[in-house]
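Have a look at the structure below, then the notes.
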Amino acid sequence: MTDRSDSRIRGGGKRRKTSGKRRRTTAIVAWSAAGLVLLGGSGLGYVYYKLNGNLLGVDINAQLGGDRPANADNGSEDILVLGSDSRSGANAEYGTDGGGARSDTAMIVHVYKGHKTASVVSIPRDTLIDRPECTDSRGAAVPAAPMAMFNTAYEVGGPACAVKTVEKMSGIRMDHYIEVDFTGFKKLVDQLGGVKITTTRAIDDPKSHLKLAPGTHTLDGEQSLGLVRTRHSVGDGSDLGRIELQQAFIKALIEQVKSIGVFSNPKKLYDLADTATRAITPDTQLDSVDKLIGFADGLKDLGAKDVKMITLPVQYDPADPNRVLPLQAPSRQVWTALRQDKPIPASATKDSAGDQGDANGVVRSG
C-alpha cells in the first residue's frame, strides 16, 4: 500500500496484475447445518460437539460497540460474506502473502422479509472508499483513511473493520459476518460431486490455471477455485469480469446443493457439515451448530432463481484505471432499496462499469 500525493491510499500492485481469490457463499454452510437435525439418535450429541469444535467466532458486536446503523427489525437479514487472500497454512500453494491478508471477495447478502428471496451486492476489491476509524481484534485504534481501497479495511483492522466500512458505505447494519477459506471451498465442491456449469466461450487463464472449452462441464474443487479466480481471459481482465463469473458460479452451486439430496444421506451430510464448519469463520452469533441451524431455517428455501445478484454501481477511476469509484446516485438507490427491504431497481446498475463487461454470460448454470 502506498501513500500518494493526491491522498489516495492504494493497495499494493495493479489490479490487472494481481490474481483473484476465492468464492464465498452462505448457502452450503446453511443447508448443511440445517440437515444435521436429520441425523438424530444417540450420535447427535457427538456430532454437535465435534462440529461446534470446528467453529471459532469473531465478536463483531463487542468490537464495534454502539456506533452502528440501527437494526431495521423488519424481518429481513443482512450478511457480509468475505474472503481474505491469506496464503498461510494449506493456502500457501496459491502464492505468498504480500504483507497482510485482504478481503478480495466481498458480498452483502440481503434476505428479504419472509426469507423467500434475496439480493446480493458484490463490492469490487479495488473500490476507492472513505475508510472509517475502527478498532482491530487486539483493541488497537485504526485511523480513518480517505480514498482507500475497500479491501484494505480487512487488511488493517480485520473483520470488524470490514463490517464497519460496509456499514458506513451502506447505512445498513450487518446482522452476520461469514468468512470462507480456499481449501475448505475446494473440499466442499469435491464432496458435492462437483458443480455443473456451461461456458459459452473458451476460458484459458494461465494465472488461475483454468482451461475450459465452450460447453458443459462438471468442475471439481480445484477447477471451481480456478474459475472464481479467473480474470485474465474474460472481459477486460479486471476484477469486474471476475465478479460476473463468481456470481454465475454461485447460482450453479446453489442449484447443486438443492439437487443432490444430502439430507437423505447422513454420512454425506455429516462430511459436508464438517468441511463447511471448518471452512468458515462466522460472527459469534453463528458460532455453534444450534445457531447455524436457526440461521439455515431462513435460507434453506432459497433457490438460484430467488437470488438477484448485482455489482455495486461503479466507474473506472479517471486517475487510475486499475481502481473504481462508486457511482454516488446509483449506489444510494441500491442501499436505499435494501434498507427499505425493497427490490433493487434495474436503473441503479444500467450505467455501471460492472454491468457492461463482456464477461457477463460467459458462464451459466449447467
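The values are calculated or read from the model by the stated rules, or taken from the named source; none is laboratory data. Note that the structure is predicted; figures quoted are calculated from it, not measured. Here the Cβ is made from the backbone with ideal geometry for all residues, glycine too, and neighbour counts use every protein chain on show. Surface accessibility is based on the protein's heavy atoms, side chains included, excluding ligands, DNA and RNA. Shrake-Rupley method; radii C 1.70, N 1.55, O 1.52, S 1.80 Å.
Within segment 223-240, restricting attention to residues that are at pLDDT 85 or above and not hydroxyl-bearing (S, T, Y), which residue is farthest from R125 (Cα to Cα)?
Filtering segment 223-240 for residues that are at pLDDT 85 or above and not hydroxyl-bearing (S, T, Y), the one farthest from R125 (Cα to Cα) comes out as Q223.
Please work out which residue is nearest to the chain's Cα centre (by Cα), limiting yourself to segment 170-183 and to residues that are assigned to a helix (DSSP H, G or I) and buried (at least 22 other Cβ atoms within 10 Å of the Cβ).
Result: F182.
Would you tally the residues in segment 266-294 being more than 17 Å from the chain's Cα centre (by Cα) and under 21 Å from Y112 (Cα atoms)?
5
Given the criteria modelled with pLDDT of 80 or more, among the hydroxyl-bearing types (S, T, Y), in contact with a strand residue (DSSP E or B) (Cβ under 6 Å, 6 or more places away or on another chain) and buried (at least 22 other Cβ atoms within 10 Å of the Cβ), does T311 qualify?
Yes, satisfied.
One line per residue, one yes/no per condition, for (1) part of a strand (DSSP E or B); (2) open to solvent by 10 Å² or more (accessible area, probe 1.4 Å):
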residue: M107; (1), (2): yes, no
residue: V121; (1), (2): yes, no
residue: R125; (1), (2): no, yes
residue: D130; (1), (2): yes, yes
residue: S137; (1), (2): no, yes
residue: E155; (1), (2): no, yes
residue: P159; (1), (2): no, yes
residue: A162; (1), (2): no, no
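Pairs needed: first member in segment 120-133, free of Cβ contacts under 8 Å to residues at least 40 places away in the same chain and over 24 Å from D341 (Cβ atoms); second member anywhere, charged (D, E, K, R) and open to solvent by 10 Å² or more (accessible area, probe 1.4 Å); C-beta distance under 8 Å; at least 6 residues apart or different chains.
D130/K168; P132/K164; P132/K168
Go through segment 256-300 and report how many residues are in a helix (DSSP H, G or I) and surrounded by 19 or more Cβ atoms within 10 Å (Cβ to Cβ).
17
Conditions tested, residue by residue: (1) farther than 30 Å from D67 by Cβ; (2) outside any helix (DSSP H, G or I); (3) open to solvent by 30 Å² or more (accessible area, probe 1.4 Å); (4) not acidic (D, E).
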position	(1), (2), (3), (4)
E167	no, no, no, no
K187	yes, no, yes, yes
K196	yes, yes, yes, yes
L227	yes, no, no, yes
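From T218, T183, grab the single residue that is of a type in the set (V, I, T) and modelled with pLDDT of 90 or more.
Answer to the check: T218.
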